[in-house]
């Protein structure tokens with residue numbers, strides 16, 4: 001058995017609690033980034049009116065809901 005003083009036990013519990021919070025924060029950030037990348041894949045920008053909209057259809061050239069023009073699917077940057 002290990003002999004642990006009360007002040008050492010406090011640091012152990014605090015360290016374990018902070019480690020759990022850190023792991024939860026990292027997993028949350030990873031999940032959020034994956035969801036944002038997925039949402040960005042569905043975003044389409046109209047070349048005529050510059051309107052950005054979400055399109056979940058499998059059409060090669062969807063119609064812009066703002067101006068009605070046919071839009072090409074191009075990868076959008078996150079900037």
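Read the figures in this text as sums done on the coordinates, not as results from a lab. Being a predicted model, the structure only gives us computed values, none of them experimental.
Miscellaneous remarks
- The alpha-carbon atoms of the chain define a convex hull whose volume equals 135 cubic angstrom per residue.
- Dividing the C-alpha radius of gyration of the range 16-57 by 2.2 N^0.38 Å, with N its residue count, gives 1.84.
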